[in-house]
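Enquirer: I have a structure I would like to understand better, so I am pasting it below and will then ask my questions one at a time.
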Amino acid sequence: MVKVKRRSFTALLKNMSLRKSFIVLTILSLLVALILSTISIQILERIYEPLYKTMITNANIQHYLQPPPDAPKGTVPVTIAIGYMQPGSPQEAIVLRLISALNLLLPLLFFVISVTAAAAFFYKLKLKQPIGLLNDAANQISANNLDFSIQYDKKDEMGRLVDSFERMRSELKSSQQAMWRMMEERKRLNAAFAHDLRTPVTVLKGYTDLLTKYMPEGRIEPERLVSTLSFMSDHIHRLETYVDSMNTLQQLEHTEVHAFPQHTGEFARQLAAQTEMLSKQEGKTYELRNLLPASMLSFDDKIVFRTAENLLTNAFRYARSHVLITCEQLHDELVLNIFDDGPGFNRDELELTTRPFYTKNPSGGESHFGLGLNIAKTLCERHGGSLRLSNAEGKGARVTASFSAKVDKT
């Protein structure tokens, strides 16, 4: 036996558009008012009818026989009734006046009540709940609370409005979380910067105190003085490098992506030339496997090559003797995989290495501040991709950089 699912009239109205539901309720209210007016008029007519017969019976009517004015001779006279009707009692007169007033007022009253009831029902059915949800959500947002959600399962305009408001709340929450992450990252960056500056500042202060104390007395030999000034110059250079690094990190936040079509073969050739130069500087070997199809890809080569340079520099620094690079296209992404035969990453390094100023050697170096992977990660994310760290199956580290790169079919 087939069961037919019947939907109530209220359920149909809930999923009906505001305009259609308003028109339907208005027509229904007018029909109800018309029906009630008709019924009331009929009831008043029934009350009026016996009163009218009573007035006819009690009417003071006089009959006259009179021929028509221009009638020829021999015409039969016409009977004329002259008189007036009046109620039998004062109570009947009041009832008659009341009936006359109700005949005018009741239809108007029924139309006003029906339209008002339809409007109230329309508001309760279609507007009250979504307006309440939106008002509560607006109050939550004004109180800087985005950790909530609003749901309204109707398919009318208010349902779409609530869905749009929910999407806006979700985007605001994502933006707020991104802003908080950026602020936390900035705090960590400033803390790392202050921590790493403490050593050269302390050294410079110590050397300054030494020179201030002993130079006036001539107790510093020329060779010692030259050596001290050389150390001070090195630390000043380190401070300048730190400042440049901070400026670089600040500029990365405003890096814009300018993608344009370029051939994958030319990209692989330039990547090979870049790798060749770094390989010679470090005195280590490399292998580049170009797995890209011969086609045109749209991406920002400046961002990609800058990222590759940071990753390759890091790979050659920690590799024992060899670095492997693969470049391929996966879906709408350009993917670079860089393997080295070094010690790889431990568990803490997998989580912390992409943070700014993180190095395996806590004392750092004169020219290495632990910014390479952090810069690469930021550039990948700006280009619509990501940076992933892992350990190779055999031995060594693996870094995978992906960039949004669509095939150009023009």
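Enquirer: Would you check if residue 153 is part of a helix (DSSP H, G or I), free of Cβ contacts under 8 Å to residues at least 24 places away in the same chain and of a type in the set (Asp, Glu)?
Expert: So residue 153 does not fit the description; no.
Enquirer: With respect to residue 214, determine if the residue is among the aromatic types (Phe, Trp, Tyr), modelled with pLDDT of 75 or more and more than 30 Å from the chain's Cα centre (by Cα).
Expert: Against the criterion (among the aromatic types (Phe, Trp, Tyr), modelled with pLDDT of 75 or more and more than 30 Å from the chain's Cα centre (by Cα)), residue 214 qualifies.
Enquirer: On the basis of being modelled with pLDDT of 90 or more and under 30 Å from residue 54 (Cα atoms), does residue 118 make the cut?
Expert: Considered against the rule, which asks whether it is modelled with pLDDT of 90 or more and under 30 Å from residue 54 (Cα atoms), residue 118 comes out as no.
Enquirer: Which of the residues that make up the range 115-161 are surrounded by fewer than 11 Cβ atoms within 10 Å (Cβ to Cβ), assigned by TED's automatic domain parsing to the domain that holds residue 23 and among the charged types (D, E, K, R)?
Expert: 124
The values are calculated or read from the model by the stated rules, or taken from the named source; none is laboratory data. Model, not experiment: these values are computed from the prediction. So basically every Cβ, Gly included, is an ideal-geometry build from the backbone, and we count neighbours across all protein chains shown.
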